[in-house]
Amino acid sequence: MDESFYHTPVMLGEIMNALRVRRDGIYFDGTLGGGGHSLAIMKAGGRVLATDLDEAAIEYAGKRFEREGLHGRYTIVRDNFKNFAEITASAGIDEIDGALLDLGVSSRQFDDGDRGFSYRYDAELDMRMDTRSGPTAEDVVNDYPADELVRVLREYGEETFAPKIVRAIEKARKTHRIRTTGELASLIADSVPYRKSGHPAKKTFQALRIEVNGELDGLGKAAEDIVGKLKSGGRLCVLTFHSLEDRIIKNTFRLLSTDCICDKSLPVCVCGHKATVRQIRAEKKAGEEELRANNRSRSATLRIVEKL
């Protein structure tokens, strides 16, 4: 599998500048993907503990690192980064020098038609990042009650036409199970008005992917756990690609960088809350040069905090 099958790392220069990699420092990459960010960290002298749920990504990145002569400088664990506390405990790591979460879905997953992530290919409705267990998109589409399916589309896809789409799904599933991305995409296209920007199924597919993989569940807690193991001066960089996950990271970083979280009507602080980080970059977008070279960076937002 050639390297072009994985996306170019988004905002790599900004992230490397932020991490300020120390020789033999330990860095956590919670979203390994093709290994582009981890590779840059190791080439700068760091050591990497990385996680991913995708078996193909882990196999590819491991081979890539070995080709680069980086044997012994990395550990890859097939697990969810949200289990950070358990992962670092198992690895015997008490502190880390920095961390990165790139929350975007790998281009490889979208471009692999068999995975069922994209409406561009006709495949089984799967969408699982970890194919070992859990419900598939087919299960969600066919087995969720209508009101719950409407909630998923509205909450995770911000889909205005959620009730209309679900009514069409309900009608179809009375006679058969909806099993393929192609059938679902056509059903949606026939249910909503024409849209100038993007495929009419785009929001629904995003919502289903988030639901199937529990992408937003425990995201804020994971960021807190990572900050808890950062050394003083260590930094956590998070790349988000849609407003839902960015809102969670934004609010988590705001909380972690605030001394008092009492109701403002109280005359004195009674909560005792103390900031554990300072925000280095509240929000940063890709520069014009990267936008021209890497279209995927267009929707990326980078947020950075430093441990006090």
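No lab work stands behind these numbers, since they all come straight from the coordinates. Since the model is a prediction, treat every value here as computed from it, not as a measurement. Cβ placement follows ideal geometry from the backbone for every residue including glycine, while neighbour counts extend to all protein chains displayed.
Using a ≥ b ≥ c from the Cα gyration tensor of the stretch 46-96 (square roots of the eigenvalues), is it rounded, prolate or oblate, where a/c under 1.5 gives rounded and otherwise the larger of a/b and b/c decides, a/b for prolate? Oblate is the answer for the stretch 46-96, as a/c is 1.5 or above yet b/c matches or exceeds a/b.
Assuming a ≥ b ≥ c are the square roots of the Cα gyration tensor eigenvalues, decide whether the stretch 109-213 counts as rounded (a/c under 1.5), prolate (otherwise, with a/b larger than b/c) or oblate. Judged from the Cα gyration tensor, the stretch 109-213 comes out rounded (a/c under 1.5).
Note on the chain: dipole from Cβ charges, positive end direction compared against A89, L256, T180; the farthest Cα belongs to L256. Annotation: amide H of V77 within the under-5 Å range of A50, T51, D52, sequence separation 5 or more or interchain, hydrogens built in the peptide plane.
Dipole magnitude for the chain: about 900 debye, using +1 per Lys or Arg Cβ and -1 per Asp or Glu Cβ, origin at the Cα centre. In the chain, the longest principal axis of the Cα atoms and the axis of helix 243-256 are about 30 degrees apart. Amide hydrogen proximity for G234: with H placed 1.01 Å from N in the peptide plane, the residues at 5 or more positions away or on another chain lying under 5 Å are K307. Placing unit charges on the Cβ atoms only, positive for Lys and Arg and negative for Asp and Glu, gives the stretch 109-213 a dipole magnitude near 400 debye about its Cα centre. Placing unit charges on each Cβ (+1 for Lys and Arg, -1 for Asp and Glu) gives the stretch 138-180 a dipole about its Cα centre, and among V141, I169, V152 the Cα reaching farthest toward its positive end belongs to I169. The fewest-to-most ranking of C262, C269 by surrounding Cβ atoms within 10 Å reads C269, C262. With a Cα cut-off of under 23 Å and a minimum spacing of 8 residues unless on different chains, the lysine pairs in the stretch 159-301 number 23.
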